[in-house]
């Protein structure tokens, strides 16, 4: 029995080969949402399902939280089979849907107390817990105001508080920061980090923000078209791109490139012809451990096994070539790079494809339509 | 036990929110008075048609009819609360928690019943002020009113459940509009609410005999009569209770259908 295991690395969520197809209806073809999706989340960690809209993240969350059923495959949450024993799963989890989960005509406190009572807390415990969460999420001042008067960021924080009012063992956060402005997002990240430190729980986070997964999750599974493309720690995923990015902005020498100049556009110094550019790239390429050197305009990009070790050599080589440097930065590879390498398209492109009408991409829109 | 506690909690939520929109409250009380006075004036002289069975005034005849109309029309909208919860993530939150499904349905029934009982009392009071008299002794009047209110509660439960099931299966406000237009209005006119069915075409009287709305009207009217036939009253109440139970169960099962299609 999975539920009786007590090893340190217990699996809190296990999804194996989940498949789900939504009926198309009215002559439209069926819409595949999940196509053999599998992953496992170690207990007590934050795990991110990262992917563009329509990748199948929300469908997965809906199956794991018993809102929906998979056509095939198995899923266990806290060792409980979600298809066989949904009622026990519901006593174990908290779920914060993509849409607001609070009642706009109740106050923040009333929302939390009702959620706590429905989860089985006694009247007094529910009130104490509500006050504690309102404090922790900095909502105490607004506690007795109707939720419809809350700002987007406040309402979303209350949503998350609703999900943990009963201290669930496993929390599902479905796109917790979608639609928030950058400041509210940063605030929400801080709350989620603090929350996962205070309450020892497993969190499954779905997001289409790369930086969100990077910042919050110990493990990430990149999902595309209903499958996990690759999974691992954010660092491990980025490490497989091998090395850091080096970006050097060259200072303008005597003649700055100007529009309509003789040389091809984007060249370092038009009057000098390709010779100077070649000299620069050759000089940098000669540095040990430096690969993939590209010069575009005055921006020089390269990759190195260890950026910190290679950068001084690169700067010295540029100095020797007589090219002044305006700035130099090191960049760790981003999950965006990982996504591009694994799926063959950039994240931004996948995201903007999503609202289109091609079958694989509007899966979640259809899912929402069916569920509504 | 859990289901009872949950029903209480969710009913309290509905009442709290209803009270936060005072316009609703006022409209809920004004509307039945309009029905009563409008129909009372419009059809005042139908009691003079030969063959009209009612002994008293037309106002006395339609008072139970208007009480049941108000209850049915209100309950047909009960599913609106579910649609709103589904439009937000509130319903998903309930469904991923141990919240009792039965309590979700029952709480809307109880809420609608509380509103409908309040409306019924207002209608009775206005009718009394306009000269309508029910029962022959105070004790009989009280008993009659209680039986009428029981009919109101059962009718409300039946139509709330129907409305909830529709809301759960379609998730659309439009479908609820369909219910109230296509189902409740014909049910109202295919009954003895405003007209003695003995004066209608035979088929109308036949249909009315199977119309749950007419069961409530007949039970309520008989209970308020000068010398009620309690067999008729309890018979109709029993039929209503049975129908409410069956449709209530179907509404609860609609949650499962919803999960399968979600």
| task | Filter the range A:169-188 down to the residues that are touching a residue at least 60 places away in the same chain (Cβ under 8 Å) and outside any strand (DSSP E or B), then identify the one that is nearest to the chain's Cα centre (by Cα). | result | A:175
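Please state which one of B:40, B:102 is under 30 Å from residue B:205 (Cα atoms) and more than 9 Å from chain A (Cβ to nearest Cβ).
On the way: B:102 fails: under 30 Å from residue B:205 (Cα atoms).
So the residue among B:40, B:102 that is under 30 Å from residue B:205 (Cα atoms) and more than 9 Å from chain A (Cβ to nearest Cβ) is B:40.
Would you check which residues across the range B:24-36 are farther than 22 Å from residue B:141 by Cα and more than 13 Å from chain A (Cβ to nearest Cβ) and list them?
Of everything in the range B:24-36, those that are farther than 22 Å from residue B:141 by Cα and more than 13 Å from chain A (Cβ to nearest Cβ) turn out to be B:25, B:26, B:27, B:28, B:29, B:30, B:31, B:34, B:35.
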| With respect to residue A:354, is the statement that it is within 14 Å of chain B (Cβ to nearest Cβ), modelled with pLDDT under 80, within 30 Å of residue A:61 (Cβ to Cβ) and crowded, with 16+ Cβ neighbours inside 10 Å true? | no
| field | Subset tally (residues that are over 29 Å from the mean Cα position of the chain (by Cα), in a loop (DSSP other than H, G, I, E, B) and under 25 Å from residue B:96 (Cα atoms)) for the range A:120-146 | value | 4
| field | the range B:1-22, residues that are away from chain A (no Cβ under 11 Å) and closer than 20 Å to residue A:145 by Cα | value | B:15, B:22
| Tell me, which residue of the range B:53-95 that is more than 14 Å from chain A (Cβ to nearest Cβ) and farther than 30 Å from residue B:136 by Cβ is surrounded by the most Cβ atoms within 10 Å (Cβ to Cβ)? | B:75
| message | If residue A:166 meets every condition in (1) in contact with a helix residue (DSSP H, G or I) (Cβ under 9 Å, 6 or more places away or on another chain); (2) in a loop (DSSP other than H, G, I, E, B); (3) under 24 Å from residue A:215 (Cα atoms) apart from one, which number is that one? | response | (3)
| said: Being within 14 Å of chain B (Cβ to nearest Cβ) and out of contact with any helix residue (DSSP H, G or I) (no Cβ under 7 Å at 6 or more places or on another chain) is the requirement here; does residue A:176 meet it? | reply: no
| Answer from B:192, B:227 - the residue that is in a loop (DSSP other than H, G, I, E, B) and crowded, with 22+ Cβ neighbours inside 10 Å | B:192
| task | Examine the range A:225-240 for a residue that is closer than 17 Å to residue A:53 by Cβ, buried (at least 22 other Cβ atoms within 10 Å of the Cβ) and touching a helix residue (DSSP H, G or I) at 6+ places or on another chain (Cβ under 8 Å), and state whether such a residue exists. | result | yes
| request: Could you tell me which numbered condition residue A:191 fails, if it satisfies all but one of (1) touching a residue at least 40 places away in the same chain (Cβ under 8 Å); (2) out of contact with any strand residue (DSSP E or B) (no Cβ under 9 Å at 6 or more places or on another chain); (3) within 13 Å of another protein chain (Cβ to nearest Cβ)? | output: (3)
| field | Single match in B:176, B:182 (criterion: modelled with pLDDT under 90, in a helix (DSSP H, G or I) and surrounded by 21 or more Cβ atoms within 10 Å (Cβ to Cβ)) | value | B:176
| query | If we only count helices (runs of 4 or more DSSP H) wholly inside the range B:1-109, which ones have 1 or more residues that are modelled with pLDDT under 90? | reply | B:2-19, B:22-42, B:58-76
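Quick check on residue A:154: is it out of contact with any strand residue (DSSP E or B) (no Cβ under 8 Å at 6 or more places or on another chain), within 19 Å of residue B:88 (Cβ to Cβ), assigned by TED's automatic domain parsing to the domain that holds residue A:49 and in a helix (DSSP H, G or I)? Working first, answer last.
Working: out of contact with any strand residue (DSSP E or B) (no Cβ under 8 Å at 6 or more places or on another chain): yes; within 19 Å of residue B:88 (Cβ to Cβ): yes; assigned by TED's automatic domain parsing to the domain that holds residue A:49: no; in a helix (DSSP H, G or I): yes.
Against the criterion (out of contact with any strand residue (DSSP E or B) (no Cβ under 8 Å at 6 or more places or on another chain), within 19 Å of residue B:88 (Cβ to Cβ), assigned by TED's automatic domain parsing to the domain that holds residue A:49 and in a helix (DSSP H, G or I)), residue A:154 does not qualify.
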| request: Might you check whether a residue that is within 14 Å of chain A (Cβ to nearest Cβ), over 22 Å from residue B:109 (Cα atoms) and not in a helix (DSSP H, G or I) occurs anywhere in the range B:243-262? | output: yes
| Selected residue [at pLDDT 65 or above, away from chain B (no Cβ under 14 Å) and not in a strand (DSSP E or B)] from A:361, A:337 | A:337
| Unmet requirement for residue A:112, which otherwise passes all of (1) in contact with a helix residue (DSSP H, G or I) (Cβ under 7 Å, 6 or more places away or on another chain); (2) crowded, with 22+ Cβ neighbours inside 10 Å; (3) at pLDDT below 95 | (3)
| request: Taking residue A:107 as meeting all but one of (1) out of contact with any strand residue (DSSP E or B) (no Cβ under 7 Å at 6 or more places or on another chain); (2) more than 9 Å from chain B (Cβ to nearest Cβ); (3) modelled with pLDDT of 90 or more, write down the number of the exception. | output: (1)
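Quick one: which helices (runs of 4 or more DSSP H) sit completely within the range A:203-291 and have at least 3 residues that are farther than 30 Å from residue A:73 by Cα, out of contact with any strand residue (DSSP E or B) (no Cβ under 7 Å at 6 or more places or on another chain) and modelled with pLDDT under 85?
On the way: elements: A:210-216, A:234-239, A:274-285.
Answer list for the range A:203-291: A:274-285.
The values are calculated or read from the model by the stated rules, or taken from the named source; none is laboratory data. Keep in mind that this is a model prediction, so the values were computed, not measured. A quick note on method: Cβ atoms are made from the backbone with ideal geometry, for glycine too, and the neighbour counts reach across all protein chains shown.
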